[in-house]
Amino acid sequence: MWLDRFFEHQTRRAAQRTGRRSMLATLGKLMVGTVALPVLPFDRSAHAAGAHGGKAAGPQAKDETACDYWRYCAVDGFLCSCCGGSSTTCPPGTEPSRVSWVGTCHNPADGKDYMVSYNDCCGKTTCGRCECNTNERERPGYRLGVHNDVNWCMSNDSTMFHCTTSIILGVQE
Ligand code: ABN
């Protein structure tokens, strides 16, 4: 009789949705999520630098126009020392960003670690010379103070990014 078939069908559906099988299906989804989460794409490029085999040359303390100059360990931008300024001063016609990101760099000359503030210089179009992207200990935007891949001219009157300076804030004793 159709009424019997109808109720049987409804009962089976209810059992499928609320029974052991549906609980197992939910558990299965949870397990897949737990396995998939750790392989989501986090930016780990900064850690890959030393993973190419062999020993990296390490930072140098002589040439301020080269990316491997020790104070540029967490830089992302054009070096102001190649753009009419210096490693610590903005070129004429630009001004330092009011906010900045920081890095900790090792000075091979005295063997000490220094906290370095990276201030973008703002007010002119991009310099385009000596682009460096060293990123040591740099972190994605959820830790903004140590994130460099953002225009730090964002709070200046002119938000045009020109180049980046590297200013020592302190030394680790
Ligand atoms: N902090 C340097 C920078 C400026 C603009 C865009 C990306 C990175």
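No lab work stands behind these numbers, since they all come straight from the coordinates. Everything numeric here is computed off the predicted structure, so don't read it as measured data. A quick note on method: Cβ atoms are made from the backbone with ideal geometry, for glycine too, and the neighbour counts reach across all protein chains shown.
Could you run through the range 118-173 and say how many residues are within 12 Å of the ligand (Cβ to nearest atom), within 17 Å of Glu95 (Cα to Cα) and outside any loop (DSSP other than H, G, I, E, B)?
14
Given the criteria more than 12 Å from the ligand (Cβ to nearest atom) and touching a residue at least 40 places away in the same chain (Cβ under 8 Å), does Tyr114 qualify?
On the way: more than 12 Å from the ligand (Cβ to nearest atom): yes; touching a residue at least 40 places away in the same chain (Cβ under 8 Å): yes.
When the stated conditions are applied, Tyr114 passes them.
Given the conditions (1) more than 12 Å from the ligand (Cβ to nearest atom); (2) free of Cβ contacts under 8 Å to residues at least 40 places away in the same chain; (3) β-branched (Val, Ile, Thr), which single one is not true for Thr104?
(2)
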